[in-house]
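Working notes, structure below.
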Amino acid sequence: MSRAWPKKKTLQEGRDERSCSYIWLIQRDTHPAPIINCRMINSAGKHIRDASPAPDHRSEARLRIDPKVLVFVETTYSGLGRDIAELLVYNRIKYKIEVAGKSLPVLTNLDKGRYGVIVFENLDKYLNMDKWNRELLDKYCREYSVGIVGFVSPSEETLVGAQLRDFPLFVHTNLRLRDASLNPASSVLRLTRAGETAWGALPGDDWAVFQHNHSTYEPVEWAQRNTQEYPADSVGQVQLPLTTVLQDRGQLDGIQRVLFGSSLRFWLHRLVFLDALSYLSHGQLSLSLERMILVDIDDIFVGEKSTRLRPDDVRALIATQKIIAGMVPGFRFNLGFSGKYYHHGTREENLGDDFLLQNVQEFNWFSHMWKHQQPHLYDNLTLLMAEMQLNYAFAKEHNIPTNSGYSISPHHSGVYPAHELLYLAWKQVWNVKVTSTEEYPHLRPARLRRGFIHRNIMVLPRQTCGLFTHTMYIDRYPGGRDKLDESIQGGELFQTIVYNPINIFMTHMSNYGSDRLALYTFQSVIKFLQCWTNLKLASAPPIQLAEMYFRLHPEEVDPVWGNPCDDARHKKIWSKTKNCDSLPKFLVIGPQKTGTTALYTFLSMHGSVASNIPSPDTFEEVQFFNGNNYYRGLDWYMDFFPSETLPNTSSPMPTTLGTPRYMFEKSATYFDGEAVPKRAHALLPHAKIVTILISPAKRAYSWYQHQRAHGDVIANNYSFYQVITASDSAPRALKDLRNRCLNPGKYAQHLEHWLAYYPAQQVHIIDGEQLRLNPIDVMNELQRFLKIQPLLDYSNHLRYDVKKGFYCQAVSEKRNKCLGKSKGRQYPQMDERSAKLLQRYYLNHNTALEKLLKKLGSRPIPQWLKDDLSTGT
Ligand code: A3P
C-alpha cells in the first residue's frame, strides 16, 4: 500500500499559523489582501509543481450501467440523506432515494444495471443488511462493477477499535479532529486536488477514523486528533495521521468502496464524494472539469457619493483583472452602466468615472437601464425604448461598445416574470441576445436555478457571490469577515463554482470601491480553487457562454411560466396592472368531441362564471399550454382574462361589475398535450381541472366526422376504418391523422399524467353521456365541486330540444337556443368492423381506466365503460 503521509507540524507551528480554523490561509491586513497561502501555487496563481493531470476514471470495459445513483437513507427526512440528494441535484446527477431496511428496489433492467453507484447514508445499514438482500446487492455490484459509498453514522456509543462486520477494518468513533489533508497517491481524486492541508478544527465532534492493515485499503483523506482540546494526549506523543476517508479497492470481495468517517458537513467531503461517484462508476458519473466564470459589475455610475470608484479603485480593478486573467484565461470584468448618473459623485469619484471611461477598452460593457429604473414599471413601449435610447446615446458619446448583445435589468425586473415590453425594447434598441437572472424559477434554492429562451433572448441563471450593494467594508460584512472567508474557502461561493459549469456572478460598483471586497473575494476564491481542485477555469463573453449553456442543457430552452403571485420577490417585480385574480380558477381540458362546447356554453350561462375573451384564431379556445402560443408568454395569456370583464348580460342571472368571477378556460386539446399538465400546474397549481369522458371509440369516430366536415383532405379520402388501421408505413399525413384520432382515447394514460401534477381532489371527471342525457344533474354537481356561489338551478334554464336531439338553453318559454350545426352532427353509424376493432384496441386502456376510477373512488363507473369492457371480452 502506498502511503504518502502529510508532513507533521509541531503543535507550536500549528498554533502560530492558525487562528481558530483553516481560515488562516488568507493573510490578513487592514485592507483585505487576497493572498491564499497555498503550497501548490505561487502568488500569481500559477501551479508551482506541475501537478499530474486529473485522472480519467473512464473505463475501457463495456459497462452495462446507467449513470444514476441509488441512495439508501435512514428515513426520508434524515439530514445527511438530504445533503446527499441536494448535492446530486446541484450537479444534475440522477438518483433514486430508498429507505434502507426495506426490500431492495429492482436493480436491473433487462441486461442493464439501473444504478452506477450505491450510497449508504449509514454504513451500518449495509453491514447489517439481512443476508439475502446483502448477497443480492453484493452480487449486483460484482456483476455490474458497481461501487459503494458508505458514511459511518454518528452514534451515542463511542467505539474504540471496533471491527466492521466481515471486514479486516476497525473504527474509532466520536472524535474531534483537525488539519485534514488528502492522499496525493489516491486514484479516487479527480476533481479534488491533493497537496494542501485544511488547517484547524474540523466541524463536528463525532468523526470516525479507520484503522486498517490490508492492501485492499488505501487512505483518501487523513486528519489529526484535535490535541488542542486534549492537551494531555499530546505531551511527548508523535501523532500519526488518522484515516478519515478510505478506499477499499475490492481485493477481498470484488467490490470497490469509498468509506467516509464523517458526513458532508466538512466542505472537502463534498468534493471527495463527487470524486468517489466518478471513480466508483468508472467515469459514468464524472463531472466536466471545465468551469466558465463571468463577473458582472452592475450599477456602473450608480451610487451615492462616497460609495463610488475613485481613480485608485479603477487602477486596482485593472490590476486585479490582469491577475485573474492569468489564472482564468479570457477573464474581463463585464461592466453594466447607467449613464444618467455619470459624474454624480464627489470630485475624486468623478475623476474615477472619467478614468474608467479612459480605460473603456480594458473591459467588456453592457447596458443597464439609463436611470436604473425597473422596466416592469413601464406599460408603454415607446417610453421604455426612449429611456434605453438615452443610455445608448451615452454609450456612443463615450466610446462604450454597444455590441455585446447582453443586458441586465435592475432588480431582475421584467426578465422573469417576463414583461414582454422589456423583451421587445431590448431587441429593438440594443439587439439583446442574452441576459441573466437569479429569479428563474426562484432565487432559492440556488441549486434549482435554470435558464430559458424567450423571444430569442437567452436567459442564463445568475449565481450569487454574497456581496451586495451595501457590503463595502470587510468589518461590516454581515456575520463578520470569517463568514466571507468561509464562503471563499470551501463554503458557498467556492462550491457554487465547483457545481456550476457556467457561472455568471452579480456584483455592484460599490463592491469595487471602499474595501474592494469583490476584488478580494474573486481573487481569493479563484486561488482557493487552484489550490484544491483540478478545475480548468476560463471566461468568455456572455453570448458564447449562453451558447455553451444551452448546448449543455438543451432541455432548458423552453420556459416554464410560474405563477408570479406564488413568490413574493416575483410579485414585487411584476407590473401593478397585472393581477393573478385574472387567471383562470379552473380549466376544462377536453378531450375533443366529448361535449366540451356544451359544457362551456352551460357554464357561461352562469352569471358568476366567466371564460376568456375569444381568440381571433381559435374562437373560445385560447390553447395556451399546448403548442406555440405558450412561447408568446404569460402577458399574452393574461390578456384573455381582463380583470374587469363586462357583466354577462346574456346570462339568465347577470351579475354586476365588480362581483367576483370564476374565471375559466376551455381548450379541448389540453387533455392529451404532452407538456400541458406540467405547464398548467406551474402557473395554476391551485386550479381545478375538469375533464369529460365518453366511449373512446365513439369519440374517435366523432372526431373523424368533425375532420371530414372541416374539409380535411385525408379524412375525406380515407374511410374511418382505413384511418384507424393505417400502418406505420402509411403516408405520414395519414399516420398523423390516425394518431390524432386514436391517442386522446387512451384516457387512463393521460389522466395519470395529469394526476402526477394535480391531486385527485382537484380533478373532476364528467361522464359525457350523462352530460348529454342529464346535463342538469351534471351541472349541479359541477357547481358544487367548483364551489360556485350562488348555485344556478339549471332545471330552469336547460330544456331538451326534440328537433336537435340534445339539451339546449331555454331562452324563453317557447324558444331554445341550441349549439350550432357542428355540434350534434348527423352522420351514419360507425361500421361494425371498426367498432369491433376499436373495442379491442381500447380494451387495455379501458381496463386501466376502470381501475383508475375505482382507485379515485369518487364516482360510479360510467355505463359506456362497462359496455365497452363487456363487449370487448
Ligand atoms: P357529435 O357532433 O359527434 O354528436 P365537442 O364540443 O367537445 O367538440 O363535442 C361535440 C359533441 O358534444 C357532439 O358530438 C355531441 O354528441 C356532444 N354533445 C353533448 N351534449 C351536447 C349538446 N347539448 N348539444 C350538442 N352536442 C352535445
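The values are calculated or read from the model by the stated rules, or taken from the named source; none is laboratory data. Small disclaimer: the values here were computed from a predicted structure and weren't measured. Here the Cβ is made from the backbone with ideal geometry for all residues, glycine too, and neighbour counts use every protein chain on show. In case anyone asks, the SASA skips ligands and DNA or RNA and just uses the protein heavy atoms, side chains included. Shrake-Rupley method; radii C 1.70, N 1.55, O 1.52, S 1.80 Å.
Taking a virtual spin label 7 Å from the Cα of ALA386 along the C-beta vector, which residues in segment 407-429 bring their backbone nitrogen under 19 Å of it? Under 19 Å, as judged by backbone N against the label point of ALA386, lie 421-429 of segment 407-429. Grab the other residues whose beta carbon is less than 11 angstrom from that of GLN373, score K and R as +1, D and E as -1, and report the net. My count for the surroundings of GLN373 gives +1.
Rounded to the nearest 10 degrees, the inclination of helix 517-532 to the longest alpha-carbon principal axis of the chain is 80 degrees.
With θ taken as phi - 60° and the Karplus curve 6.51 cos²θ - 1.76 cosθ + 1.60 applied, the whole-hertz 3J(HN,Hα) list for segment 255-269 is 10, 8, 9, 10, 10, 10, x, 7, 6, 8, 5, 6, 4, 5, 5 Hz, x standing for glycine and proline. Length available on full extension from LEU289 to GLU304: 0.36 nm per residue minus the Cα-Cα distance, which gives 1.3 nm. Net charge in the neighbourhood of GLU98 (other residues with Cβ under 13 Å of its Cβ; Lys, Arg +1, Asp, Glu -1) is +3. Across the chain, Cα pairs under 8 Å and at least six residues apart give a relative contact order of 9 percent. For THR108, nonlocal amide neighbours, meaning residues 5 or more places apart or on other chains whose placed amide H falls under 5 Å from its own, are ARG114. A simple rule links phi to the HN-Hα coupling: the Karplus curve 6.51 cos²θ - 1.76 cosθ + 1.60 with θ = phi - 60°, which for segment 319-332 gives 5, 5, 4, 5, 5, 5, 4, x, 9, 10, x, x, 6, 9 Hz, with x for Gly and Pro.
Comparing PHE331, VAL525, ALA760 along the charge dipole axis of the chain, the residue lying farthest to the positive side is ALA760, per the Cβ-charge model.
In this rough spin-label picture, where each label sits 7 Å from Cα along the Cβ direction, the GLN761-GLN211 distance is 5.7 nm.
Note on segment 698-789: Cα-only Rg and Dmax are 17.4, 54 Å.
How much FRET efficiency would the formula 1/(1 + (r/R0)^6) give for ARG58 and THR108, where r is the Cβ-Cβ distance and R0 is 22 Å, rounded to 0.05? Between ARG58 and THR108 the formula returns 0.50. Considering helices alone, the calculated mean residue ellipticity of the chain at 222 nm is -9000 deg cm²/dmol, with DSSP H runs of length four and up weighted by -39500 (n - 2.57) and normalised per residue. Remark: segment 478-495, residue by residue, has Karplus-estimated 3J(HN,Hα) of x, x, x, 4, 4, 5, 5, 5, 5, 5, 6, 9, x, x, 4, 5, 4, 5 Hz, where x stands for each Gly or Pro and the curve is 6.51 cos²θ - 1.76 cosθ + 1.60 at θ = phi - 60°. Taking every DSSP beta bridge with both residues inside the chain, roughly what % is antiparallel (nearest 5)? In the chain, approximately 40 percent of DSSP beta bridges are antiparallel ones.
Carbon and sulfur atoms: what percent of the 1.4 Å accessible area of segment 700-766 do they account for? Heavy-atom surface of segment 700-766 belonging to carbon and sulfur, 1.4 Å probe: 46 percent. With 27 Å as the limit on Cα-Cα distance, the pairs of LYS94/LYS536; LYS593/LYS836; LYS746/LYS817 that go past it are LYS746/LYS817.
In whole Å, how far is the Cα centre of segment 91-144 from that of segment 375-418? When both Cα centres are located, 54 Å separates them. With Rh defined as the Kirkwood radius, the inverse of the mean 1/r over Cα pairs, the Rg/Rh of the chain is 1.04.
For the chain, what does the accessible surface come to per residue with a 1.4 Å probe? Please give it in Å².
Per-residue accessible area for the chain comes out at 44 Å².
From most to least packed by mean Cβ count within 10 Å, the peptides 366-377, 316-327, 808-819 give 366-377, 316-327, 808-819. Around the amide H of GLY595, modelled in the peptide plane, lies no amide H under 5 Å away from a residue 5 or more places distant or on another chain. Here the accessible area is traced with a 1.4 Å probe on the protein chains. For segment 101-170, carbon and sulfur cover 50 percent of it.
Multiplying the residue separation of ASP777 and ASN739 by 0.36 nm and removing their Cα-Cα distance gives an extension gain of 10.3 nm. Within the shell defined by Cβ-Cβ distances under 13 Å, the residues around ALA709 carry a net charge of +4, with Lys and Arg each +1 and Asp and Glu each -1. Database remark: amide H of HIS470 closer than 5 angstrom to no amide H (H placed geometrically; neighbours at sequence offset of 5 or more, or on other chains; Pro and chain starts carry no H). For ARG142, project a label point 7 Å along Cα to C-beta. Then give me every residue of segment 105-126 with its amide nitrogen under 18 Å of that point. From segment 105-126, the list is 107-108, 113, 118. Across LYS593, LYS851, the residue with the most accessible area heads the list, and the full order at a 1.4 Å probe is LYS851, LYS593.
Each peptide in 192-199, 749-756, 378-385 receives the mean, over its residues, of other Cβ atoms within 10 Å, and ordering these scores from highest gives 192-199, 749-756, 378-385. The accessible surface of segment 782-873, taken with every protein chain in place and a 1.4 Å probe, is 52 percent carbon and sulfur.
Sorting the segments 405-411, 704-710 by their mean number of nearby beta carbons within 10 angstrom, highest to lowest, gives 405-411, 704-710.
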